[in-house]
Amino acid sequence: MVKFVADSACDLKEYPGICFETVPLSISTNERNYTDDEALNVHEVLDYLEGYNDRSYTASPSIDAWLKAFEGADEIYCVTITSGLSGTYSGANVAKDMYLADNPDAKIYVVDSLSTGPGMVLLLEKLAELKSQGKSFEEVCSSIEKYRKRLKLYFSLSSLHNLAQNGRVSKIIASAIGFMNIKILGTASKEGTIEQVGKCRGNNRMIEKIIEQLKSNGFTKGKIRICHVECLEFANAVAEKIRSIFEGVDIKIVPARGLCSYYAERGGIILGCEC
Ligand code: X90
């Protein structure tokens, strides 16, 4: 059986037509632990965190959770959030080695997305497409590595509080936004870490900045996937502007699950595209 597995940073809960399972990261404070599974109420977590003034943090999925997701499969494609910001990728590899020790004939490929949310979605879609074309395990692995190089990730955030609190961006950069409607546009570096592209005020200016970036990266008409943290209207406005400029572009928008919501925070969007 062929199985596709990803951690919950991919923002999908299901993927019709393939055998797909997600493995949850977790979000914690000193008093609560949330598992980013199908049942998590993201809205409630965001409300709670907004009123909570002490430290909060996240953790990668347990090895056990990976093993459960792999169970029963003999060909597994697994996509993780960037190894540049999380131990999830190495955890998945530990699980892979353990699974292979018990199932020596199985094949597992763990893809380090060097990205998150929509970047992971694009990789999953490509994996599913390659498999539906009847490609062998080896062919899928080499094609997906090439495909990953074509992907770009952008994010527009209104607050970097949780990223800074957890040491994923510098406190100096974080303190420069989050007031007077100042937003940051960031991108994933080649190493899968956070790189600042620019700052601006207001949604309209941000949309212009995103378009500038797409143009300068040579984007023409590939796929774009967007996740949003309780700001569907803004995500729709971004999509509409992109469609008005790039003909034939294929855009899909989903709400972020817990992990991306925690870090991108309310009002944030993450956009992945093929260049
Ligand atoms: O292992 C863990 O506890 C998870 C840590 C994840 C840290 C960052 C997640 C970021 C999610 C924010 C903007 C996107 C940045 C992606 C750059 C590659 C969303």
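Listed values, structure above:
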quantity	calculated
Helices (runs of 4 or more DSSP H) contained entirely in the stretch 178-275, each with at least 2 residues that are open to solvent by 40 Å² or more (accessible area, probe 1.4 Å)	203-216, 232-245
Test set (1) within 14 Å of the ligand (Cβ to nearest atom); (2) open to solvent by less than 70 Å² (accessible area, probe 1.4 Å) - Y57 fails condition number	(2)
Candidates C231, C227, filtered to the one that is under 20 Å from the mean Cα position of the chain (by Cα) and touching a residue at least 40 places away in the same chain (Cβ under 8 Å)	C227
Subset tally (residues that are open to solvent by 40 Å² or more (accessible area, probe 1.4 Å) and touching a helix residue (DSSP H, G or I) at 6+ places or on another chain (Cβ under 7 Å)) for the stretch 96-108	2
Residue selected from the stretch 127-176 under the condition within 21 Å of A59 (Cα to Cα) and in contact with a Leu (Cβ under 7 Å, 6 or more places away or on another chain), by the criterion surrounded by the most Cβ atoms within 10 Å (Cβ to Cβ)	V169
For A69: the one exception among (1) buried (at least 19 other Cβ atoms within 10 Å of the Cβ); (2) part of a helix (DSSP H, G or I); (3) in contact (Cβ under 8 Å) with a residue 60 or more places away in the chain; (4) within 16 Å of the ligand (Cβ to nearest atom)	(4)
Of all residues making up the stretch 7-18, the number that are in contact with a helix residue (DSSP H, G or I) (Cβ under 7 Å, 6 or more places away or on another chain) and either surrounded by fewer than 13 Cβ atoms within 10 Å (Cβ to Cβ) or not in a strand (DSSP E or B) (or both)	7
Qualifying residue in the stretch 253-274 (condition: within 29 Å of D112 (Cβ to Cβ) and without any contact (Cβ under 8 Å) to a residue 40 or more places away in the chain)	yes
Scope the stretch 72-83; condition open to solvent by less than 30 Å² (accessible area, probe 1.4 Å) and within 16 Å of the ligand (Cβ to nearest atom); matching residues	C78, V79, T80, I81, T82
Unmet criterion (only one of (1) in contact (Cβ under 8 Å) with a residue 40 or more places away in the chain; (2) part of a helix (DSSP H, G or I); (3) open to solvent by 10 Å² or more (accessible area, probe 1.4 Å)) for N93	(1)
Sole exception among (1) under 13 Å from the mean Cα position of the chain (by Cα); (2) closer than 21 Å to I194 by Cα for V254, by number	(2)
Subset of the stretch 19-45 [among the hydrophobic types (A, V, I, L, M, F, W, C) and surrounded by 17 or more Cβ atoms within 10 Å (Cβ to Cβ)]	F20, V23, L25, I27, L40, V42, V45
Sole residue being under 12 Å from R257 (Cβ atoms) and not aliphatic (A, V, I, L, M), chosen from D47, D74, D36	D36
Out of E50, E38, sole residue that is modelled with pLDDT of 95 or more, among the acidic types (D, E) and out of contact with any Ser or Thr (no Cβ under 6 Å at 6 or more places or on another chain)	E38
The stretch 186-235: number of residues that are at positive phi and within 13 Å of the ligand (Cβ to nearest atom)	1
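Yes/no per residue for (1) under 24 Å from R148 (Cα atoms); (2) more than 16 Å from the ligand (Cβ to nearest atom); (3) out of contact with any strand residue (DSSP E or B) (no Cβ under 6 Å at 6 or more places or on another chain):
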position: A237; (1), (2), (3): no, yes, yes
position: I242; (1), (2), (3): yes, yes, yes
position: E247; (1), (2), (3): yes, yes, yes
position: I251; (1), (2), (3): yes, yes, no
position: V254; (1), (2), (3): yes, no, no
position: Y263; (1), (2), (3): yes, no, yes
position: L271; (1), (2), (3): yes, no, no
position: E274; (1), (2), (3): yes, yes, no
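The values are calculated or read from the model by the stated rules, or taken from the named source; none is laboratory data. In this text the structure is predicted, and so the values were computed from the model without any measurement. Note that each Cβ is placed from the backbone with ideal geometry, even for glycine, and that neighbours are counted across all protein chains shown. Keep in mind that these areas ignore ligands, DNA and RNA; they rest on the heavy atoms of the full protein, side chains included. Shrake-Rupley method; radii C 1.70, N 1.55, O 1.52, S 1.80 Å.
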